[in-house]
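The values are calculated or read from the model by the stated rules, or taken from the named source; none is laboratory data. Treat the numbers as computed from the prediction; the structure is a model and nothing was measured. FYI the Cβ positions are ideal-geometry reconstructions off the backbone, even for glycines, and counts take in every protein chain you see. We work out accessible area using only protein heavy atoms, side chains counted, and drop any ligands, DNA or RNA first. Shrake-Rupley method; radii C 1.70, N 1.55, O 1.52, S 1.80 Å.
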Amino acid sequence: MRNPLSWFEFRSFLFGVIVASVIWWALSLLKPLFRQLLESMRQRGRERDLQGSSDLENTYRKIVFRQTQGAHLAASLFALDEIAMETRLLAPPSYAEPGAPHPHIDITEQAIPYLPDFPELAAVYQGATLTIPEALSGGINLIITGQPGTGKSTALAHLASQIVNRRPEVESLHEMIPFFIHAADLRLPLKDPKKPTDFLTPITSKLVELSGALTAGKLPNFVEYAFQSGRALLLLDGCDELTPAGLQEVTAYLRVILRQFPRARIITTGAPEYVDGLLSLGFVPMTIMPWTAQKQREFLQVWTMLWQKYVATESWAQTILTPIDPILLNRWLLEGNLGLTPMELTLKVWAAYAGDARGARPTDAIEAHLRRLLPAQAPIEALYAIGAQASLNGLPLFEAGRAKEWTKSFEPAIPLPTAEAEPAARENLPPEASPVPGGTGPLAAKPGAKKQTGPLPRPASLVSQITVSGILAAHGGSLVRFAHPIYLGFLAGKGLTAADAETVLTQPPWVGRATTLRYMAAFGDATDVVNSLLATEDYILLRPRLTAARLLRDAPPKAPWRNAVMGALIQVLQNEDHPAGLRGQVIAALALSGDPSSGALFRQLMLSPSNELRRLAALGAGVVHDSKSVDALIEVLNTSAGAARQAACLALVEIGTPHALEAIATALTQGDEQLRIAAAEALANHPVEGHETLKDGISSEDILLRRAIVYGLARVHEPWAQELLGRIPTQDDQWVVRNAAVEILESIQRPNPHIPQRELPPENMPWLIEFAGKYGMGVVPGEPATDLLLLALKDDNPEYQQTALHYLRHTPTEGVLAALYPHLFGTDAEMRDGVFRVLQQMATGGARLPAPQQFGLG
């Protein structure tokens with residue numbers, strides 16, 4: 001007999017199943033609605049966060065503005081925004097993947113090798129550049145590289161100031177929240193971080209230090225919100241000052257930041273020689289451009305105006321400084337500035353206006369500045385001791401207590417105040433810096449300030465006084481560093497002896513090593529240093545030889561080792577097996593060496609049968625403005641082809657004598673089609689005669705001349721040139737001229753091919769998928785495509801080869817190097833130069849480049 005209870009339980013179970021099914025069905029229907037509701041709640045939460053942080057953000061922007069205005073060399077005189085020049089970055093070679101429209105390549109990209117370690121050549125000839133916002137527009141994180149004193153830190157500070165003030169120059173970054181911090185303030189490695197937000201603590205701590213107690217409690221949430229929302233722009237200064245070990249710690253820190261906050265953007269600084277680890281995180285190194293002669297003139301004009309506005313009118317200045325005629329002074333200051341960094345030019349100008357110049361060399365300007373900052377009665381030998389010990393021990397950052405040990409023997413040089421000396425001693429109490437021009441920003445004495453009364457405090461230690469003066473910079477706790485790496489190298493060069501050179505040479509690459517060697521060569525006999533560098537093997541990049549070349553500029557003209565360096569560099573130039581990128585660095589080093597015989601050397605090299613060597617020599621002659629080279633350059637125009645003729649055109653315009661410009665006019669009006677284009681593009685670099693020639697030439701009856709003028713106008717970035725160019729497609733009566741203008745205008749309207757782009761995964765690269773199909777292969781999602789790229793490297797299509805090179809630069813494995821090296825020793829000049837650039841970037845990222853003999857080459 002069936003149990004009624006069992007039937008009831010079955011029906012209950014069946015009912016429950018049906019009800020549950022209905023509920024799950026209803027929920028599945030409502031799931032999109034729930035998702036939309038949840039996203040709406042999250043959006044409202046984000047809006048509340050934004051509204052809640054708006055007041056704090058406005059306050060924070062004011063904090064950043066105050067922070068940045070004092071973050072530059074002449075902060076004791078002027079605010080940053082008053083004196084800062086626009087930062088430009090050397091544009092990398094234009095790039096387009098297979099199948100994309102080919103970009104227009106102008107004369108500078110064809111004639112000048114890409115030299116990120118020596119951007120001075122591109123600066124002289126007005127090569128392609130990018131602003132920082134333009135460089136970021138491709139979605140990459142950026143490393144700004146450059147030699148010490150080229151303005152990397154100032155560029156970061158100025159960018160932060162422009163963003164918080166929403167300047168039109170940085171419109172694409174207006175909604176970013178900049179965090180400007182020095183790597184030393186991160187205090188790496190962090191102690192026992194337990195959650196991702198702990199990695200933001202160093203940034204928050206620095207902000208609390210800057211902002212004070214009023215906003216301290218709100219800052220952690222504000223910082224986290226900025227990074228979580230993708231609005232944070234971390235401007236990390238000082239990475240170029242670190243040793244490789246310190247840079248690896250920074251890399252590990254940034255790896256966590258990018259993993260936890262993938263939408264955050266980062267710009268940091270780097271040394272040209274190494275950015276170890278950062279490339280593996282997807283950072284792109286770009287070199288800061290040196291100031292052109294025009295930019296130097298603009299800076300001097302601004303300095304003169306500000307000096308007369310703020311300094312010359314002060315009563316103390318009228319009693320201390322000798323009146324000078326700015327026109328005469330500036331005419332002198334504009335001479336002999338080839339190769340000067342913005343720092344060196346600033347110190348040269350400052351010393352001249354302050355009347356404490358010690359000589360005409362860059363080293364004289366640096367010494368004048370350090371003595372200007374040096375506290376009263378403090379011996380400069382104490383600075384030499386700190387610089388020497390920091391350099392010998394490889395310490396970009398060191399304990400203040402350790403520095404006090406280094407300077408212990410100099411402390412008695414500062415007498416304790418006596419009752420008789422007390423009135424005079426009070427004059428030297430904090431603010432310890434002297435009035436402008438030697439003051440240090442907020443510490444500068446103000447007219448009418450009340451004198452301190454009461455008991456006289458015990459004087460601070462030497463290290464404390466030097467820190468207050470601005471020569472050293474404090475970073476939390478008791479850590480200090482030199483405020484500028486040039487200070488460290490300069491003082492070490494003064495304080496070390498020839499016997500210390502071996503210790504410095506054995507150090508890994510860091511800025512202190514490079515600057516110390518540079519100034520040791522400037523102040524002493526560097527024969528042993530040079531011999532060691534020239535004997536060190538570096539088969540591919542010849543970095544020790546180029547390091548020796550950098551010693552030439554500041555060294556005495558009759559230094560016994562100069563001929564050995566010059567001879568070694570000439571050997572590199574004359575070796576046709578070396579790629580243009582390497583030989584171009586040598587030409588740049590020779591041009592910047594200040595050697596009076598460099599012009600004669602370039603003239604001699606232009607007699608070579610090598611078209612490539614004539615090209616490089618022509619560029620060198622133009623850089624040094626050797627007027628005696630004009631006839632040799634004209635001969636290059638008449639007997640060479642391709643890039644050599646283009647280089648000669650650029651050099652003739654740069655030299656700019658009547659004879660040189662007459663030769664360019666002849667090339668423009670009587671040359672073949674390609675020579676006319678080269679002459680017109682070169683004339684774009686001359687803002688007076690060149691621009692007038694282009695304006696007049698566009699109305700010529702000569703069709704080939706007008707067509708050439710189109711390409712010249714494309715290089716003039718001024719409204720009048722763009723207006724003329726825009727009228728040609730509709731107003732010129734010859735189709736060859738109209739077509740040239742249309743081609744140029746279309747190229748201008750396309751995305752800038754120099755802007756580095758965030759790279760897609762292999763499965764999203766159309767060209768690679770197409771290439772794989774050519775060989776019956778596929779691209780596996782999530783898997784590296786190294787094998788396919790190596791296969792593309794062997795393809796007959798140059799576009800596939802160059803694109804494969806572009807991607808293989810991230811894979812410095814032995815297999816990839818074995819595939820690259822044969823091209824470096826091959827006959828295809830374009831591939832050889834491309835492989836050299838890839839190997840150079842690999843080495844900068846920390847890869848070891850084996851000797852070519854390992855692969856059966858060389």
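The table for this structure:
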quantity	calculated
26 Å Cα-Cα threshold exceeded, pairs from 494/558; 309/494; 348/408; 152/191	309/494; 348/408; 152/191
Dipole in debye (nearest 20) - the chain, about Cα centre, beta carbon charges: Lys, Arg +1; Asp, Glu -1	2820 debye
Built amide H within the under 5 Å cut-off of residue 284, gap 5+	141, 142, 143
Accessible surface ranking that places the most exposed of 129, 515 first, with a 1.4 angstrom probe	129, 515
Relative packing of peptides 681-689, 191-199, 232-240 - highest average C-beta neighbours within 10 Å first	232-240, 681-689, 191-199
Residue-level accessible surface for residue 310, protein heavy atoms, 1.4 Å, Å²	80 Å²
All aspartates and glutamates inside 14 Å of residue 774 as judged from Cα atoms, apart from same-chain residues fewer than 8 positions distant	795, 796
Extension gain, residue 94 back to residue 409 (0.36 nm per residue minus Cα-Cα distance, nm)	107.7 nm
Residue 670-residue 638 pseudo-label distance in nm [points 7 Å out on the Cα-to-Cβ vector]	1.0 nm
Percent of beta bridges antiparallel (DSSP, the chain, rounded to nearest 5)	30 percent
Efficiency of FRET from Cβ geometry, residue 56 and residue 830, R₀ 56 Å, rounded to 0.05	0.55
Exposure rank, largest accessible area first [109, 335, 576; 1.4 Å]	335, 576, 109
Built amide H within the under 5 Å cut-off of residue 179, gap 5+	233, 234, 235
Under-5 Å amide H pairs with residue 472, H placed in peptide plane, nonlocal only	467, 483
Nearest-10 value in Å² for the accessible area of residue 343, using the 1.4 Å probe	10 Å²
Semi-axis lengths, Å, the range 533-602, gyration tensor of Cα atoms, sqrt of 5 times eigenvalues	19, 14, 10
Square roots of 5 times each gyration tensor eigenvalue, C-alpha, the range 577-671, largest first, Å	20, 16, 10
Hits among lysines - C-alpha to C-alpha of residue 218 under 22 Å, sequence gap 8 or more where chains match	62, 194, 195, 206
Rounded accessible area of residue 637 (nearest 10 Å², 1.4 Å probe)	10 Å²
Cα gyration tensor, the chain - rounded (a/c under 1.5), prolate or oblate	oblate
At 0.692 mPa s and 37 °C, Stokes diffusion of the range 633-702 via Kirkwood alpha-carbon radius, µm² per second	280 µm²/s
Accessible surface ranking that places the most exposed of 102, 823, 182 first, with a 1.4 angstrom probe	102, 823, 182
Prolate/oblate/rounded call for the range 216-364, Cα gyration tensor, a/c under 1.5 rounded	prolate
Label point distance in nm, residue 769-residue 210, each placed 7 Å from Cα along Cα→Cβ	4.5 nm
Approximate spin-label separation residue 381-residue 263, in nm, with each point projected 7 Å along Cα-to-Cβ	6.1 nm
Cβ-based net charge around residue 507, under 13 Å, with every Lys or Arg adding one and every Asp or Glu removing one	-2
Net length gained if the chain between residue 478 and residue 332 were fully extended (0.36 nm per residue, minus Cα distance)	48.2 nm
Overall Cα dimensions of the range 96-175, principal axis frame, Å, largest first	39, 35, 20
Cα gyration tensor shape of the range 101-142, rounded if a/c is under 1.5, else prolate or oblate by comparing a/b with b/c	oblate
Length gained when the stretch residue 360-residue 851 is fully extended (0.36 nm per residue, less Cα-Cα span)	172.4 nm
Qualifying aspartates and glutamates (Cα of each under 18 Å from Cα of residue 794; at least 8 residues distant if same chain)	97, 770, 814, 828, 830, 833
Calculated FRET efficiency for the pair residue 500/residue 314, C-beta based, R₀ 41 Å, to 0.05	0.40
